[in-house]
1. Where the eigenvalues come from the Cα gyration tensor of the range 88-134, what are the semi-axes √(5λ) of the equivalent ellipsoid, largest first, in whole Å?
2. Per the Debye formula with a single identical scatterer at each Cα and no solvent contribution, what log10 I(q)/I(0) holds for the range 46-134 at q = 0.17 Å⁻¹?
3. With labels modelled as points extended 7 Å from the Cα through the Cβ direction, what inter-label distance (nm, one decimal) is found for residue 41 paired with residue 121?
4. May I ask you to list the residues of the range 85-122 whose amide nitrogen lies under 14 Å from a point 7 Å from Cα along the Cα→beta-carbon direction of residue 34?
5. Skipping prolines and chain starts, which residues have an amide H placed within reach, meaning under 5 Å, of the one on residue 113, given they are 5 or more residues away or on another chain?
6. Through the Karplus equation 6.51 cos²θ - 1.76 cosθ + 1.60, θ set to phi - 60°, convert the phi angles of the range 112-124 into ³J(HN,Hα) values in whole Hz; use x for Gly and Pro.
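The numbers here are math on the coordinates, done by the rules we state, and not lab data. Keep in mind that this is a model prediction, so the values were computed, not measured. Glycine gets a Cβ as well: all are built from the backbone with ideal geometry, and neighbour counts include every protein chain shown.
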Amino acid sequence: METVTGLLTRVFRPGAARNAAARTASERGEAVDVAVEWWVESLRGREGIAEPALAPFAAALRDDLVTQLDATYRVYLEVVHQPKGALRDAALAAGLNLDAFPPATTMAVGDARVEVSKAAQAPYEQIHGRGERR
């Protein structure tokens, strides 16, 4: 069905698909920038975090988020006692102290929305985006 819908959209509204893709890319870029900046600010000044290491951390995290959002609609960045997944990979690549990350923090990053839960079982707080939560 998606194939037929996509074909009809291109035939009857030739610029619509291109405009939608451009809007999604723009929203995704903003959401990723907000998410990365939030993590950088949460780490800045913490023990074991050298200021020069934050730039490579941010670049690695940004690249990973963009890649993952190409494949799915939402990416979760989690810290239990230490960061997991993309956060851990970016931190290790930049040489950051894994124990400096704020514990029990979870972030949900989507194309147009970023939410953070700052403690276990705490509700998510929207820090970027629009619309209702899915």
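1. 24, 14, 7
2. Treating every Cα as an identical point scatterer, log10 I(q)/I(0) equals -0.75.
3. 2.9 nm
4. It comes to 107-117, nothing else.
5. Here nothing satisfies the definition.
6. Coupling constants for the range 112-124: 10, 7, 9, 10, 10, 10, 8, 7, 4, 6, 7, x, 6 Hz.
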